[in-house]
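Written below as structure tokens is the structure these notes are about.
The values are calculated or read from the model by the stated rules, or taken from the named source; none is laboratory data. Quantities reported herein were computed from a predicted structural model and do not represent experimental measurements. FYI the Cβ positions are ideal-geometry reconstructions off the backbone, even for glycines, and counts take in every protein chain you see.
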Amino acid sequence: MPALPTLNPPIRTLLGPGPSDIHPRVLAAMARPTVGHLDPYYLQLMDKLQSGLREIFRTKNRMTFAVSGTGSAGMEATVVNLIEPGDSMVVCVNGVFGGRMCDVAERAGAKVTKIERPWGEVFTAAEIKNAVAAAKPKVVGIVMAETSTGASQPIEEISKVVHDGRAMLLVDTVTSLGGMPVEVDAWNIDAVYSGTQKCLSCPPGLAPVSFNDRAMAVIKNRKTKVQSWYLDVSMLASYWGSDRVYHHTAPINMSYGLYEAVSIILEEGLDACFVRHDLNHRAFKAGVAALGMKYAAQEGHQLPMLNAVRVPDGVDEAKIRSDLLNRFGIEIGAGLGAFKGKVWRIGLMGYGARPANVYLLLSALEQLLAEQGHKFDHGASIAAAGEVYASA
Ligand SMILES: *Cc1c(COP(=O)(O)O)cnc(C)c1O
């Protein structure tokens with residue numbers, strides 16, 4: 001049999017909704033020698049990884065670990081453990097990922113009450129309070145950073161109304177974790193999940209999750225077995241806890257990658273990391289405004305790491321994306337669902353959130369928009385971004 005063609009992936013600058021550019025130190029860490037998953041070296045690495053994840057989630061939750069799978073596996077793991085068939089769950093939908101959570105919850109047997117906001121908008125605490133009063137759910141699920149719309153959902157106030165209504169709060173932080181404050185303990189979040197491929201700058205493959213003691217008590221008192229063997233957190237607790245009972249073989253080298261990714265963030269400092277995301281977002285946004293373009297998400301609720309920008313009239317959005325990729329090696333994302341063909345999704349996530357990428361993308365966009373006859377002052381976007389950096 002002939003050999004396969006040589007593996008030679010192109011070098012890209014990943015400025016879409018994920019995966020984001022991987023930090024070179026993370027790639028190097030992943031190439032270190034694989035040890036057994038019960039090797040003493042790996043066991044102590046798991047311990048350290050868990051403490052690092054607790055810092056990033058800002059929690060003391062014992063049950064904080066990485067699910068083997070991408071962000072969606074984290075969603076599934078939190079939902080199937082909290083929900084038993086027939087349980088009521090309220091899911092807040094203002095984009096693709098809230099919609100996915102409904103599907104996962106229904107498959108787990110939940111009676112789902114879906115509440116909706118138009119794409120790009122966010123929920124008020126009052127809306128959620130009413131939904132909780134009407135449905136009396138066991139769990140309320142919400143996406144903090146809706147990657148399909150670029151909208152940032154405030155969580156703290158919502159947590160209060162959810163708990164006043166005696167429900168548990170489940171939060172998707174796949175895109176927010178590592179790019180903006182996620183305060184699991186201070187906000188009283190019962191279960192939370194994330195993913196490695198957005199602001200953690202690690203390849204897709206693991207899903208950091210955390211369950212507080214209230215959630216673990218509910219899981220312990222379940223009447224039915226968790227629908228998924230692979231994602232059953234009480235079994236995973238014996239592997240990630242002190243017993244170290246074999247459950248499944250953890251993806252060792254992915255854990256090295258996540259370990260390094262978490263170390264890099266903690267070296268920079270979480271708060272400094274948030275400031276960096278915010279600064280690069282503001283510089284990019286100033287550049288976008290100078291090109292006469294607008295953001296798709298509600299003003300005051302725009303994510304720093306995911307910039308959903310409306311495509312100007314008369315511009316062929318798909319051609320801009322393919323030209324960016326083919327001529328400049330830059331990937332940005334297309335709009336999904338209600339935003340299909342209408343917005344670009346531009347990620348400035350983790351290692352990707354830096355001035356070089358902001359200038360690179362703005363100048364490439366200027367070139368391509370000018371070719372399509374879009375009118376703006378040439379060089380204005382670069383100058384506008386520069387002013388934001390200069391005044392920081
Ligand atoms: C990317 C994403 C997911 C899904 O993560 P995968 O790694 O693609 O499985 C879930 N929720 C949000 C908000 C996301 O951005």
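Some notes on this structure:
- In this entry, LYS60 is excluded by the filter for residues that are away from the ligand (no atom under 16 Å from the Cβ) and in contact with a Cys (Cβ under 7 Å, 6 or more places away or on another chain).
- Hey, GLY150 buried (at least 24 other Cβ atoms within 10 Å of the Cβ) and farther than 23 Å from ASN81 by Cβ or not: yes
- Taken together, the residues in segment 3-56 that are of a type in the set (D, E, K, R), in contact (Cβ under 8 Å) with a residue 24 or more places away in the chain and either assigned to a loop (DSSP other than H, G, I, E, B) or within 16 Å of the ligand (Cβ to nearest atom) (or both) amount to 3.
- Matching option when the condition is out of contact with any Ser or Thr (no Cβ under 6 Å at 6 or more places or on another chain), more than 16 Å from the ligand (Cβ to nearest atom), farther than 18 Å from GLU55 by Cα and hydrophobic (A, V, I, L, M, F, W, C), among ALA217, ALA186: ALA217
- Helices (runs of 4 or more DSSP H) contained entirely in segment 192-288, each with at least 1 residues that are under 24 Å from THR34 (Cβ atoms) and at pLDDT below 95: 233-240
- Any hit, segment 112-120, residues being of a type outside the set (S, T, N, Q) and under 24 Å from GLU183 (Cβ atoms): yes
- Test: residue in segment 233-250 that is within 16 Å of the ligand (Cβ to nearest atom) and either surrounded by fewer than 20 Cβ atoms within 10 Å (Cβ to Cβ) or at negative phi (or both): no
- Residue that is surrounded by the most Cβ atoms within 10 Å (Cβ to Cβ) [pool: residues in segment 183-218 that are of a type in the set (Val, Ile, Thr) and in contact with a helix residue (DSSP H, G or I) (Cβ under 6 Å, 6 or more places away or on another chain)]: THR196
- Scanning segment 235-261 for residues that are without any contact (Cβ under 8 Å) to a residue 60 or more places away in the chain and under 26 Å from the mean Cα position of the chain (by Cα) turns up MET235, TYR239.
- Among the numbered conditions (1) away from the ligand (no atom under 16 Å from the Cβ); (2) of a type in the set (A, V, I, L, M, F, W, C); (3) in a helix (DSSP H, G or I), the only one that VAL80 does not meet is (1).
- If the condition is being of a type outside the set (A, V, I, L, M), farther than 24 Å from GLU299 by Cβ and not in a loop (DSSP other than H, G, I, E, B), then segment 130-158 contributes ASN130, GLY141.
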